[in-house]
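Chemist: Just passing along the structure, written as structure tokens.
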């Protein structure tokens, strides 16, 4: 992901203004700090984007956090929200908590091979957890289930358990 080129899009100030709209932040003194808190950067970093351009990954994060469409944030053209663009239910986008949004942001930055490995690891981890939960319930309840989870030590699973 690169930075936005001013030739292709409207000036960075306009993109920053649309980011304010997407997050529901009124543009006034101190609003860059509030916007930065939502995007994981300082207000001074956002101020620097006026000269350097807004990083694509921050626009992608805003689309995840807010449900606004990326092309609208970049250009101001087209529908603003995913629901306006399609009839599909996209309410799940707004239901992501900050950890889920961060995980998705990290996942999108990985190359395809690493994405595949991460997915396999997560699916393996889930299968083991579900199997252990099922076994613990069969053996007699919550206390055994909790103890079973604490005893897991599988080096092939990268120590996630």
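The values are calculated or read from the model by the stated rules, or taken from the named source; none is laboratory data. Fair warning: this is a prediction, and the values are worked out from it, not measured in the lab. Cβ placement follows ideal geometry from the backbone for every residue including glycine, while neighbour counts extend to all protein chains displayed.
Chemist: Residue check, residue 42 against (1) at pLDDT below 90; (2) loosely packed, with under 15 Cβ neighbours inside 10 Å; (3) in contact with a helix residue (DSSP H, G or I) (Cβ under 6 Å, 6 or more places away or on another chain); (4) within 24 Å of residue 108 (Cα to Cα), all met but one. Which one?
Modeler: So residue 42 meets the others, but not (1).
Chemist: Could you pull out every one of the helices (runs of 4 or more DSSP H) wholly within segment 68-161 that has 3 or more residues that are under 21 Å from residue 55 (Cα atoms), under 21 Å from the mean Cα position of the chain (by Cα) and modelled with pLDDT under 70? Step through it out loud before you land on a result.
Modeler: Values: elements: 70-75, 82-85, 91-94, 98-109, 112-140, 142-151.
Fully inside segment 68-161 and qualifying: nothing.
Chemist: Could you list all residues from segment 39-67 that are under 19 Å from the mean Cα position of the chain (by Cα), closer than 12 Å to residue 15 by Cα and not in a loop (DSSP other than H, G, I, E, B)? It would help to see each step written out before you state the result.
Modeler: At the first step, the residues of segment 39-67 found to be under 19 Å from the mean Cα position of the chain (by Cα) are 39-42, 46, 54-67.
Filter once more, keeping what is closer than 12 Å to residue 15 by Cα: 46, 54-56, 58-59, 62.
Once the filter is applied, which keeps residues that are under 19 Å from the mean Cα position of the chain (by Cα), closer than 12 Å to residue 15 by Cα and not in a loop (DSSP other than H, G, I, E, B), segment 39-67 yields 46, 55, 56, 58, 59, 62.
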